[in-house]
């Protein structure tokens, strides 16, 4: 059944920023302003560039660190903060700018109590889950004349957290089901989990060599919507490692033994499953019954 | 369902159900808040039924679907005919089944003219089943169905399956009679001995023998009310069933192809692994596909396949990728139901979607572990689709917990 009228395409980008203060970035000054400042300036510019593409476009920005996750835009503060916009500047740009800076300040202040925040993992999974819930809500609230094209852009510099594997996988499968494309821009390290997520949802994964050029990479690679990406030559897809890690040594395995009850993976055959404590029966048939069968046939 | 409850009176005994009395106008004469309330309550009821605790579920399922293709399936009480309606819904079922149970296998049988025929063998390939279902549309429905023949044929297919898998049969039965060659009680006993669960969905009226089969084998028997109800009944079979307690656990050997070999792993990569090769899944068909370096190689024998999950034809190893197993993990670690509370003036926004709580929403939902407040729609979304609480994932204490 084809729509007789063309539905207005509304593109929603949810930017998930990992604001974990990696010591490497916080201390690297560049042209007078610190690297963190530059990263957030680039992200605000990217968000505004997306809003500028079409009047119906929507934006959401969620930040996370190792302590909590926070909606930077749209802001969940009840009070409407007054923001100053330059004459001639689109109101929404000033609002995004002001909300993001204010929210980020609050997020970092909350984190100051713990000194070793760089040791625990960043809560990227939780931030992505909130982004998906927000996308789901916008989808519900949008009128029938609009068609929502959502995507999530993850900007991060942290390594994978093995303990958040379940959250990440649930987020990726939900995104695949809801037709949400997950793109990823990695700044410092590579993340195998996010590579898998981009592959599962059909998004773009990019590991940028220099953080100083973040805005350029964002505008060139991630600003075009997924529907027109086929016309542009983008960085080639990375070959994703889909092997599983065994539960006992966390090594990647080619051939593994899977418990039929709890689906945990082991690299060696053992008698008991360590996750669900079930005992296994040996699959191999005993030799003795076969011989007795043969004897019975002869007799 | 009202049909199966034996203690409830029949509709003609208890008088008419005055459903219009449930809708009342509120003070302003508007119906909106009342309707929204009813819709919310219906949603909650549906979601609450699904919330189960951590019981053992059969993950690796071997399911046979038996479709009745007898003369009564040409009746038009389900549009356009019963048979076509059922086939359409089965396509949706197959898609959802493999979505939720990626390492399971499905087979399709039909029964007509007092015999049963096998349409597809037990396989984990979604496309083959959907193609077969589409070709079935031209089948002429005639004759009488045979419940015993179809159950026996399905049982033969399932008997040889490994003991750790959950063996199931789903029968879509539209006839009120069955024509069997022997004693069906013996078949029922054999089914029970082989640990096979038979679930039946009746399309006409309740049939006594179907109720008995379902009860004795531990399955479910439902008769549909209308086509929406049929869709719900069929899709309820997608969820893995609770294990009766007699399934043996065993370690299954599985291969995980598709790795990028690195120096640290110690796995050697020869150039043969990435050379173009014919894939084994299409080698029997007329158009066999020559794969570039993009296929998956079986780690044990090196044969090439274009998609996973698949059972290697050469060495018999089941090949899956890690996300396939991860899809089933959420059944093992279900989220506890959220507590329903009255709205608190402190929290103005829903935690997950940043929606402002309005006066009309009287109830909000709180997670037991992280105490974050979410709205009704987010609660349903989390429960049905996301399977992980964003509040718990956003809290450093609960996020780092190993799901055990």
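The values are calculated or read from the model by the stated rules, or taken from the named source; none is laboratory data. None of the values given here were measured: they were computed from a predicted structure. A quick note on method: Cβ atoms are made from the backbone with ideal geometry, for glycine too, and the neighbour counts reach across all protein chains shown.
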Condition (residue is at pLDDT 80 or above, under 23 Å from residue A:154 (Cβ atoms) and surrounded by 13 or more Cβ atoms within 10 Å (Cβ to Cβ)) applied to the range A:21-33: is it met by at least one residue?
no
Is it true that some residue in the range B:364-371 is modelled with pLDDT of 75 or more, assigned to a helix (DSSP H, G or I), within 30 Å of the chain's Cα centre (by Cα) and more than 7 Å from chain A (Cβ to nearest Cβ)?
no
Every residue in the range B:162-189 that is farther than 27 Å from residue B:73 by Cβ and either in contact with a strand residue (DSSP E or B) (Cβ under 9 Å, 6 or more places away or on another chain) or surrounded by 14 or more Cβ atoms within 10 Å (Cβ to Cβ) (or both), please.
B:162, B:163, B:164, B:165, B:166
Index of the failed condition, residue B:385 passing every other in (1) outside any helix (DSSP H, G or I); (2) surrounded by fewer than 19 Cβ atoms within 10 Å (Cβ to Cβ); (3) at the interface with chain A (Cβ under 8 Å from one of its Cβ atoms):
(1)
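Residue-wise test of (1) at pLDDT 90 or above; (2) closer than 25 Å to residue B:85 by Cβ.
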| position | (1), (2) |
| --- | --- |
| B:126 | no, yes |
| B:129 | yes, yes |
| B:133 | yes, yes |
| B:139 | no, yes |
| B:151 | yes, yes |
| B:162 | no, no |
| B:170 | yes, yes |
| B:178 | yes, yes |
| B:199 | yes, yes |
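Results for (1) within 14 Å of chain B (Cβ to nearest Cβ); (2) outside any loop (DSSP other than H, G, I, E, B); (3) in contact with a strand residue (DSSP E or B) (Cβ under 6 Å, 6 or more places away or on another chain); (4) within 18 Å of residue A:223 (Cα to Cα), shown as yes or no for each residue.
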| position | (1), (2), (3), (4) |
| --- | --- |
| A:37 | no, yes, no, no |
| A:40 | no, yes, no, yes |
| A:45 | no, yes, no, yes |
| A:49 | no, yes, no, yes |
| A:56 | no, no, yes, yes |
| A:63 | yes, yes, yes, no |
| A:67 | yes, no, no, no |
| A:72 | yes, yes, yes, no |
| A:88 | no, no, no, no |
Selection count, the range B:350-360, where residues are within 13 Å of chain A (Cβ to nearest Cβ) and either surrounded by fewer than 18 Cβ atoms within 10 Å (Cβ to Cβ) or at pLDDT below 80 (or both)
3
Meets criteria (under 12 Å from the mean Cα position of the chain (by Cα) and at negative phi) for residue A:240:
no
Assuming residue A:254 fulfils every condition listed in (1) in contact with a helix residue (DSSP H, G or I) (Cβ under 9 Å, 6 or more places away or on another chain); (2) more than 21 Å from residue A:127 (Cα to Cα); (3) surrounded by 13 or more Cβ atoms within 10 Å (Cβ to Cβ); (4) within 14 Å of chain B (Cβ to nearest Cβ) apart from one, which condition is it?
(1)
In the range A:132-177, anything at the interface with another protein chain (Cβ under 7 Å from one of its Cβ atoms) and surrounded by fewer than 17 Cβ atoms within 10 Å (Cβ to Cβ) is listed as A:140, A:163, A:177
Test for residue B:326: is it outside any loop (DSSP other than H, G, I, E, B) and either at pLDDT 80 or above or within 7 Å of another protein chain (Cβ to nearest Cβ) (or both)
yes
Residue A:58 meets each of (1) touching a residue at least 60 places away in the same chain (Cβ under 8 Å); (2) more than 28 Å from the chain's Cα centre (by Cα) with one exception, condition (2)
Condition first: over 18 Å from residue B:237 (Cα atoms) and either assigned to a helix (DSSP H, G or I) or in contact with a helix residue (DSSP H, G or I) (Cβ under 7 Å, 6 or more places away or on another chain) (or both). Now tell me which residues in the range B:63-109 satisfy that.
B:69, B:71, B:72, B:73, B:74, B:75, B:78, B:79, B:81, B:82, B:83, B:84
Test for residue B:296: is it farther than 30 Å from residue A:168 by Cβ, at pLDDT 75 or above and either surrounded by fewer than 20 Cβ atoms within 10 Å (Cβ to Cβ) or over 22 Å from the mean Cα position of the chain (by Cα) (or both):
no
Out of B:252, B:198, B:238, report the one residue that is within 21 Å of the chain's Cα centre (by Cα) and within 14 Å of chain A (Cβ to nearest Cβ).
B:238
Please give the number of the condition residue B:242 fails out of (1) closer than 23 Å to residue B:189 by Cβ; (2) assigned by TED's automatic domain parsing to the domain that holds residue B:171; (3) surrounded by fewer than 17 Cβ atoms within 10 Å (Cβ to Cβ).
(2)
Selection from the range B:306-323 of residues that are facing chain A (nearest Cβ under 10 Å) and at pLDDT 80 or above:
B:317, B:318, B:319, B:320, B:321, B:322, B:323
Could you say whether any residue in the range B:117-126 is part of a helix (DSSP H, G or I) and surrounded by fewer than 22 Cβ atoms within 10 Å (Cβ to Cβ)?
yes
Number of the condition not met by residue A:224 [criteria: (1) surrounded by 17 or more Cβ atoms within 10 Å (Cβ to Cβ); (2) at pLDDT 90 or above; (3) in a loop (DSSP other than H, G, I, E, B)]:
(1)
Can you confirm whether residue A:68 is surrounded by 14 or more Cβ atoms within 10 Å (Cβ to Cβ) and modelled with pLDDT under 80?
no
